[in-house]
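Below: one structure, written as structure tokens.
The values are calculated or read from the model by the stated rules, or taken from the named source; none is laboratory data. Just so you know, these numbers come straight off a predicted model, no measurement behind them. Every residue, glycine among them, receives a Cβ derived from its backbone with ideal geometry; neighbour counts consider all protein chains shown. Surface accessibility is based on the protein's heavy atoms, side chains included, excluding ligands, DNA and RNA. Shrake-Rupley method; radii C 1.70, N 1.55, O 1.52, S 1.80 Å.
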Amino acid sequence: MNLFGRREAEREKWGDRLPPGQKPTDGWPVLHYGSIPKIDLDTWRFEISGLVEEPVSFSWQEFMALPQVNLRNDIHCVTAWSKFDNDWTGVPVSEVLKRVQLKPEARHVMVHSFGGYTTNISLEDLNRPENLFAFQHNGESLTKEHGWPMRLVVPHLYFWKSAKWARGLVILPEERPGFWEMYGYHIRGDPFKEERYS
Ligand SMILES: Nc1nc2c(c(=O)[nH]1)N[C@H]1C(S)=C(S)[C@@H](COP(=O)(O)O)O[C@H]1N2
Ligand SMILES: [Mo]
């Protein structure tokens with residue numbers, strides 16, 4: 001089959017689930033800036049600060065005691081691969097956000113990772129039922145290169161929003177660019193609108 005034929009076949013197979021300009025992959029590429037941070041579960045913390053009445057800080061045990069879910073979704077990387085039907089286990093973002101009281105001016109979030117990576121997201125895009133802090137993928141603990149022990153998964157936006165090695169959220173009144181957003185990636189990054197770069 002020629003390239004055009006193959007693309008047509010993929011489009012037919014995945015239909016509306018394949019965003020424009022994307023190609024399905026069966027593998028799982030590893031993409032990140034810098035090196036994999038060293039993390040120790042004994043000292044690991046996840047913190048929410050900024051525009052909240054009381055900042056909160058979870059130990060690994062406390063985080064694991066939150067309600068967990070299994071969710072299946074598709075991921076879309078801005079470098080043009082999409083990976084369908086990922087099974088994640090983790091804690092819904094909504095469960096984590098329930099543990100803080102947001103101040104009335106709260107609108108946006110900076111997600112922080114061990115190692116210094118950041119990415120911005122609106123509270124509305126973050127607090128959706130399909131988003132989770134995942135520690136398993138397809139039944140296995142996340143590998144170090146894919147974000148062990150825990151990463152954010154936001155399937156409706158390009159995958160750079162899904163911070164690996166997540167360590168906290170800072171709640172903000174307005175949008176501020178994160179790491180890739182500062183280097184020209186789109187501030188929101190909806191794959192179905194092809195919001196790749198700004
Ligand atoms: N902490 C951290 N998270 C990150 C990144 C990063 O550089 N550091 N890269 C992002 C980008 S650009 C992509 S495409 C995905 C890649 O995730 P994967 O390596 O599990 O496929 O992670 C995102 N999360
Ligand atoms: Mo990426």
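Here is how the number arises for the chain: DSSP H runs of 4 or more residues each give -39500 (n - 2.57), the sum is divided by the residue count, and the result at 222 nm is -3500 deg cm²/dmol.
Report, in listed order, any pair from LYS38/LYS193; LYS98/LYS161; LYS164/LYS193; LYS38/LYS83; LYS103/LYS144; LYS23/LYS103 with a Cα-Cα distance greater than 32 Å.
Values: LYS38/LYS193 36 Å; LYS98/LYS161 21 Å; LYS164/LYS193 24 Å; LYS38/LYS83 27 Å; LYS103/LYS144 35 Å; LYS23/LYS103 41 Å.
Pairs exceeding 32 Å: LYS38/LYS193; LYS103/LYS144; LYS23/LYS103.
Test of understanding: what is the full-extension gain from ALA65 to ARG6, defined as 0.36 nm times their sequence separation minus their Cα-Cα distance? The partial results should precede the final answer.
Working: separation 59, 0.36 × 59 = 21.24 nm, distance 4.58 nm.
Between ALA65 and ARG6, full extension yields an extra 16.7 nm.
Result for the chain in a Gaussian network model with C-alpha springs under 10 Å: among VAL111, VAL78, VAL56, the largest mean-square fluctuation is at VAL56.
The aspartates and glutamates within cross-link reach of LYS13, meaning a Cα-to-Cα straight distance under 16 Å and a gap of 8 or more places when in the same chain, are ASP26, ASP74, ASP85. Cα gyration tensor of segment 1-46, axes a ≥ b ≥ c as square roots of the eigenvalues: rounded (a/c below 1.5), prolate (a/b > b/c) or oblate? Note, shape of segment 1-46 comes out prolate. Evaluated at q = 0.15, 0.18, 0.21 Å⁻¹, a Debye calculation over the C-alpha positions of segment 42-198 (equal weights, vacuum) places log10 I(q)/I(0) at -0.75, -1.12, -1.53.
With a 1.4 Å probe and every protein chain left in place, work out the accessible area per residue of the chain in Å², rounded to a whole number. If you can, show how the numbers build up before the last one.
On the way: 10180 Å² over 198 residues.
I get 51 Å² per residue for the chain.
Less than 5 angstrom separates the built amide H of VAL154 from those of SER162, all sequence-distant by 5 or more or on a different chain. Rounded to the nearest 20, the Cβ-based charge dipole of the chain about its Cα centre (Lys and Arg +1, Asp and Glu -1) stands at 340 debye. Ranked by the mean number of other Cβ atoms within 10 Å per residue, highest first, peptides 93-105, 146-158 order as 146-158, 93-105.
Going by the alpha-carbon gyration tensor, a ≥ b ≥ c the square roots of its eigenvalues, is segment 49-94 rounded (a/c under 1.5) or, if a/c is not under 1.5, prolate (a/b greater than b/c) versus oblate? Don't jump to the answer; show the numbers that get you there.
Values: a/c = 3.32, a/b = 1.74, b/c = 1.91.
Verdict is oblate for segment 49-94.
Close amide H partners of GLN136, meaning residues 5 or more places away or on another chain with modelled amide H under 5 Å apart, are THR89, LEU142. Applied to segment 98-114, the Karplus parametrisation 6.51 cos²θ - 1.76 cosθ + 1.60 on θ = phi - 60° returns per-residue 3J(HN,Hα) values of 4, 7, 10, 9, 6, 6, x, 7, 5, 9, 10, 9, 9, 8, 10, 10, 4 Hz, with x for Gly and Pro. A simple rule links phi to the HN-Hα coupling: the Karplus curve 6.51 cos²θ - 1.76 cosθ + 1.60 with θ = phi - 60°, which for segment 42-48 gives 5, 10, 4, 9, 10, 10, 10 Hz, with x for Gly and Pro. Roughly what angle does helix 3-14 make with the longest principal axis of the chain, taking Cα atoms, 0 to 90 degrees, to the nearest 10? The answer is roughly 50 degrees. Per the 1.4 Å probe, what fraction of the accessible area of the chain, in percent, lies on carbon and sulfur atoms? For the chain, the apolar C and S fraction of the accessible surface comes to 50 percent. Between SER198 and ARG128, what's the calculated FRET efficiency when r is the beta-carbon distance and R0 is 25 Å? Round to 0.05. The value I calculate is 0.65.
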